[in-house]
Amino acid sequence: MTMPVSELLEHRRLLVVAGAGGVGKTSTAAALGLAAAQRGRRVGVLTVDPAPRLGDALGIDELSDRAQAVELDSIPRNGACLHAMRLDAKRTFDRMVERFAPDRDSAEALLENPVYQRVAGSLGGSEHYMAFQRLYELVGEDDHDLLIVDTPPAANASELFSAPLRLSDLIDTGAASLLAEPSRLLARAGSTLARASFALVLAVLQRVVGSETQRQVSEFAEMFAHLLEGLEIRVREVDALLKSPHTAFILIARPDPDEVDAVLNFHAALHRNEVKPQLLIANRLTPPPGHEREQAAAQRLRGAPRGTLAVVEHMEAELDSCRAREEQALAELRSILEPMDTPVVAIPSLAGDISSLSDVETLAAQFD
Amino acid sequence: MGAAARGSRTALVRIHGHDAGSRPSHDAGHTAGGEPSSLREFVVDEREALADFVTSVVRFGFVAKRLLDSRTFASLAAAAPGVKDLVTLAAVADIAAGKRGEEFDLLVIDAPASGHSLPLLTAPTQVAELIPFGPVATAARRVNEMVYDPCLFSCVVVAIAEELAATEALDLWRSLRSAGIETSAILVNRLLNESLTDGQRAWLAKKRVSPDALYYDANSMRQRILIERLEEESGPALKLPEYRGKTAAAESAEIAEILSCLGKSLNLDYS
Ligand SMILES: Nc1ncnc2c1ncn2[C@@H]1O[C@H](COP(=O)(O)OP(=O)(O)O)[C@@H](O)[C@H]1O
Ligand SMILES: [Mg+2]
């Protein structure tokens, strides 16, 4: 059987790795990247929040936009490469301002505006939006033939897509959503309706932030309004990129019966956003028991230190019940997703954290 | 249930949100499990709390009705996220003050996921800064009298022993402290409850017996390292084992243990 992953690794140009926090998106993105590089491709992995030790392993512990080459003997020396990058949401936003502002001076004024700095920095939603923006830039730079983006943790797909994909619903979410979720506003920029609602947003902003900063707010508003049209075009371009046949969405999940509903909801929501997930990776399956299990524990453990029998029997029983639960989850996921053309691939859990390149290699080998 | 079992009147308050995926809602104020016990369970529904609050302020039923409409609620919550949190806490404060017709010794609030706990608890302060007068400000002051009184109010930060959860728990712990909110302990839940001795580990590795036991042991080692990292900052963590195949009995045993940990950390005396 050819792994369903192979087609993705060998032929796609963009892989988007999505899933809830902590399920292994970053680790899997790195492993997929390595597996593709081993197949001779020039790969860039853009990650949002690498776990500290994985960041160390990939050489991207410092917050940096710049591509770091990951050196590994298993990557062939025929031009193939693996680059790791970390998203810098603020700088990506800054570059968009520079790109779409009418001139240098107004770009600089906007970049220095305190309201802009608050909005561009850390407010909810902007990271998702910026991850896709950065991706768009990287596609344009053409240094890679496969880009893999590890998205910020999203509890559900609508969180992931509120930014680039939803262009309707304007009135509904309310004008002041700029405060809560500036990316939503960006997604709707450009239209007349958007301009009208933008004015409303500002009215609310002014009331909320108080008179002292009113001047800054209106300055921000004026300058930002100039960007709206450009941003609107960019939003559509990113949207088209995400829906292109060269792009594949990969969902990562834990094989846990308690999580099945959430995974299916995520999957359904992607569908509603006209995105068809091409693969579900069930990450961290308990590894299979050794062959020796055919023999009774008492026999295998003859001569072991005192107390070993009891503790080993307990541990083996616990892991068996984990396996049973995981099997149940996998069976449920397969029975629903495979008829919808989303194959399910399971990856075992390593005994420790993914903290070195050789761990990433071990994971990548799962895709052979 | 731990506290309830020892005869103190305990209420468990769950917060039902409307933006982070819907959770199951219960009838407010029923007795958990239907058993005769003094543990009562309340569900505070964000939307209803907001509607109640608005009705009490403006006294127009139709405004409240409009609020129950999801679109209106969504836009209001987006427009003023802090207000929604404030009225939710105000409803909790009502239960604490016995305004729902019953008095309690201990109220356990099942707060939303870590990313939202701090915004929830600091919302009253922020809202009060923006709107310093009127009924909203009064509600904010009343809630803060509860939240900032370390004799009355304390937070237990709960995490599973996983890298991401531990990092988030520690972040929350730090930010609660710097916001001046009392924290009593970090509780690590779903711990693997066995590990090998050095001698056992060495023997199994050498004889290549039971890769399962070695794998299990490596995972519990990984959990211990995480807990050490937490404890460096938070002091001794409270620990609960993993219950497999959640039976109702196991689940209530878990709740019982959490409550008794809570009671201990708040120095409640049930004797
Ligand atoms: N297959 C695996 N085996 C062992 N540990 C894993 C595996 N996948 C992920 N992990 C661990 O799980 C944690 C979360 O993984 P990470 O990739 O950072 O998840 P996410 O990006 O989804 O938040 C990390 O500590 C990582 O080392
Ligand atoms: Mg990650």
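The values are calculated or read from the model by the stated rules, or taken from the named source; none is laboratory data. Owing to the predicted nature of the structure, the values given are computational and were not obtained by experimental measurement. No Cβ is skipped: glycine too gets one built from the backbone with ideal geometry, and neighbour counts run over all protein chains shown. Quick note on the areas: whole protein, heavy atoms, side chains included, nothing else; ligands and nucleic acids left out. Shrake-Rupley method; radii C 1.70, N 1.55, O 1.52, S 1.80 Å.
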Q | In region A:331-342, the residues that are among the acidic types (Asp, Glu) and either in a loop (DSSP other than H, G, I, E, B) or surrounded by 14 or more Cβ atoms within 10 Å (Cβ to Cβ) (or both) | A | A:Glu332, A:Asp341
Q | Unmet requirement for A:Ile281, which otherwise passes all of (1) surrounded by fewer than 20 Cβ atoms within 10 Å (Cβ to Cβ); (2) under 24 Å from A:Ile336 (Cα atoms) | A | (1)
**Q.** In region A:32-63, the residues that are among the small types (Gly, Ala, Ser) and either near ligand 2 (Cβ under 9 Å from one of its atoms) or over 14 Å from the mean Cα position of the chain (by Cα) (or both)
**A.** A:Ala35, A:Ala36, A:Ala37, A:Gly40, A:Ala51, A:Gly55, A:Ala57, A:Gly59
Q: Take the residues in region B:219-232 that are buried (at least 16 other Cβ atoms within 10 Å of the Cβ) and more than 12 Å from B:Glu194 (Cβ to Cβ), then tell me which one is nearest to the other protein chains (Cβ to nearest Cβ).
A: B:Arg222
Q) Before we move on, is A:Asp320 over 15 Å from A:Ile281 (Cβ atoms), within 16 Å of ligand 2 (Cβ to nearest atom) and not aromatic (Phe, Trp, Tyr)? A) no
(Q) I need the full set of residues from region B:146-194 which are charged (D, E, K, R), touching a residue at least 12 places away in the same chain (Cβ under 8 Å) and open to solvent by 70 Å² or more (accessible area, probe 1.4 Å), in order please. (A) B:Glu168, B:Asp171, B:Arg174, B:Glu182, B:Arg190
(Q) For region A:343-353, check the following and say yes or no: at least one residue is out of contact with any Cys (no Cβ under 7 Å at 6 or more places or on another chain), under 13 Å from A:Leu251 (Cβ atoms) and either open to solvent by 40 Å² or more (accessible area, probe 1.4 Å) or part of a loop (DSSP other than H, G, I, E, B) (or both). (A) yes
Q: Can you run down the residue pairs with Cβ atoms below 9 Å, 6 or more apart or on separate chains, where the first is in region A:134-153 and over 24 Å from A:Ala51 (Cα atoms) and aliphatic (A, V, I, L, M) and the partner is away from ligand 1 (no atom under 16 Å from the Cβ) and part of a helix (DSSP H, G or I)?
A: A:Val139/A:Leu241
Q) Got a sec? Which helices (runs of 4 or more DSSP H) wholly within region A:1-90 have at least 1 residues that are modelled with pLDDT of 85 or more? A) A:4-11, A:25-38
